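Step one of this worksheet: look at the structure below.
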Amino acid sequence: MGFFEKIKNGLAKTRDQLITRVEWAVSGKPIDENAFDEIEEAVILADAGFETSQLLVASLKAKWKRGQIKTSDDIKQSMKEEIEKMLTPIETPMNIGGTKPFVILALGVNGVGKTTTIAKMASIFQSSGKTILFGACDTFRAAAIEQLEVWAKRLHIDTVKHADGSDPAAVAYDAVKAAKARNIDILILDTAGRLHTKANLMEEMKKIKRVVAKELDGAPHEVLLVVDATNGQNAIAQAKAFHDALQLTGIIITKLDGTAKGGFILPIAHLLNIPVRYIGVGEKVDDLIPFSAKDFAEAIL
Ligand SMILES: Nc1nc2c(ncn2[C@@H]2O[C@H](COP(=O)(O)OP(=O)(O)OP(=O)(O)O)[C@@H](O)[C@H]2O)c(=O)[nH]1
Ligand SMILES: [Mg+2]
């Protein structure tokens, strides 16, 4: 299956809900002011947030007033264009070419899909010939290290680890040292997830970041937040909190296949302006796809 097919399948729930509502608002009747209120509601229900939905619909309405929108097909076409326009600034792929080892620190609240996403990313990097090392910095949850190692074995990747309950920053330090010594291309650090409202999680992550930077200039090169699409608007709050504390360089959105809340990507662009690197559309290792604004817009409607 190609990328676009996967995104299309992954966004099926969001699309079905959005299309049903948009069509209900515009088909079989002349387009009027009311239709735009209903479209705005549809976009809000896709979890795009009030502010962002308003902005999107305001530009549609302006086109309608200029006579550029006449039919329900015009509406859908214009929505696709506006969504693509909104998402294009956050379509910036990770730039892993320059430095070695390139260090990726993966963060996020519990259960969003960090460990799985790390494995998926590693598999993508491997297919372009890169060597990978994992650092098991989730020493908090029982069995977290084993979970990472199961993936590592499958992908023939080594894991730097300490005992359960040990200092995650010490693991990160050893992992960076090992990556340097072994001439590894990409080091990916898995971390523990807890509620983003717990201050100690942020402090723990800040410490990892500091220790990594001390051992390797410019590292971590990528501070990547993993968010779960089924959390919708709450994922925006998570992104804000992590960004404030840790200056994110990118976001990965997982579980788009399980939700009708895919619209929450719009405020990530409009309010946060943090690059979305990949999107996750399933549990399998090849269910991670580079983010494309055009494909996303095309698939969501
Ligand atoms: N449907 C679907 N499931 C996913 C996706 N990504 C991850 N998952 C599932 O989400 C569950 C949690 O994934 P993990 O990778 O363990 O999440 P985590 O963030 O590492 O969790 P903690 O380490 O406990 O904080 C697993 O069952 C994954 O298979 C996705 O894109 N789609
Ligand atoms: Mg994990």
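The values are calculated or read from the model by the stated rules, or taken from the named source; none is laboratory data. Not measured: the values here are computed from a predicted model. Neighbour counts run over all protein chains shown; Cβ positions are idealised from the backbone, glycine included.
Matching residues to (1) within 18 Å of Leu56 (Cβ to Cβ); (2) within 16 Å of ligand 2 (Cβ to nearest atom); (3) free of Cβ contacts under 8 Å to residues at least 60 places away in the same chain:
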| residue | (1), (2), (3) |
| --- | --- |
| Met202 | no, no, yes |
| Ile208 | no, yes, no |
| Val211 | no, no, yes |
| Gln247 | no, no, yes |
| Pro267 | yes, no, no |
| Pro290 | no, no, no |
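Scanning segment 123-151 for residues that are of a type in the set (A, V, I, L, M) and under 20 Å from Asn110 (Cα atoms), we see that the one that is nearest to ligand 2 (Cβ to nearest atom) is Ala144. Suppose we keep only residues that are polar (S, T, N, Q), at pLDDT 95 or above and within 22 Å of Trp24 (Cβ to Cβ) within segment 69-117. Which one would you say is surrounded by the fewest Cβ atoms within 10 Å (Cβ to Cβ)? Per the stated criteria, the residue is Gln77. From the list Gly282, Gly262, the lone residue that is surrounded by fewer than 20 Cβ atoms within 10 Å (Cβ to Cβ), within 13 Å of ligand 1 (Cβ to nearest atom) and in contact (Cβ under 8 Å) with a residue 60 or more places away in the chain is Gly282.
Considering segment 193-210, the residues that are surrounded by 20 or more Cβ atoms within 10 Å (Cβ to Cβ) and under 12 Å from Leu105 (Cα atoms) include one that is farthest from ligand 1 (Cβ to nearest atom), namely Lys209.
Yes/no matrix, rows are residues, columns are (1) part of a helix (DSSP H, G or I); (2) hydrophobic (A, V, I, L, M, F, W, C); (3) crowded, with 22+ Cβ neighbours inside 10 Å; (4) modelled with pLDDT of 95 or more:
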{"residue": "Lys120", "(1), (2), (3), (4)": "yes, no, yes, yes"}
{"residue": "Lys130", "(1), (2), (3), (4)": "no, no, no, yes"}
{"residue": "Phe134", "(1), (2), (3), (4)": "no, yes, yes, yes"}
{"residue": "Phe140", "(1), (2), (3), (4)": "no, yes, no, no"}
{"residue": "Gln147", "(1), (2), (3), (4)": "yes, no, no, yes"}
{"residue": "Trp151", "(1), (2), (3), (4)": "yes, yes, no, yes"}
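If you go through segment 98-105 one residue at a time, do you hit one that is among the polar types (S, T, N, Q), away from ligand 2 (no atom under 14 Å from the Cβ) and within 19 Å of Leu266 (Cα to Cα)? Taking every residue of segment 98-105 in turn, none turns out to be among the polar types (S, T, N, Q), away from ligand 2 (no atom under 14 Å from the Cβ) and within 19 Å of Leu266 (Cα to Cα).
The rows are residues; the columns are (1) in a loop (DSSP other than H, G, I, E, B); (2) closer than 29 Å to Lys255 by Cβ; (3) in contact with a helix residue (DSSP H, G or I) (Cβ under 7 Å, 6 or more places away or on another chain); (4) not aliphatic (A, V, I, L, M).
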| site | (1), (2), (3), (4) |
| --- | --- |
| Lys8 | no, yes, yes, yes |
| Leu18 | no, yes, yes, no |
| Val22 | no, yes, yes, no |
| Lys29 | yes, no, no, yes |
| Ile39 | no, yes, yes, no |
| Lys63 | no, no, yes, yes |
| Gly67 | yes, no, no, yes |
| Pro89 | no, yes, yes, yes |
| Pro93 | yes, yes, no, yes |
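Among the residues of segment 126-179, those identified as away from ligand 1 (no atom under 13 Å from the Cβ), more than 25 Å from the chain's Cα centre (by Cα) and small (Gly, Ala, Ser) are Ala163, Gly165, Ser166, Ala170, Ala178, Ala179. When segment 153-182 is filtered for residues that are closer than 22 Å to Phe125 by Cβ, within 16 Å of ligand 2 (Cβ to nearest atom) and either touching a Pro at 6+ places or on another chain (Cβ under 8 Å) or not in a helix (DSSP H, G or I) (or both), the ones remaining, listed by number, are Ile157, Thr159, Val160, Lys161.
Among the residues of this structure, Asn34 does not count as one that is modelled with pLDDT under 95, of a type outside the set (A, V, I, L, M, F, W, C) and within 27 Å of Gly282 (Cα to Cα). Taken together, the residues in segment 69-84 that are part of a helix (DSSP H, G or I) and free of Cβ contacts under 8 Å to residues at least 60 places away in the same chain amount to 7.
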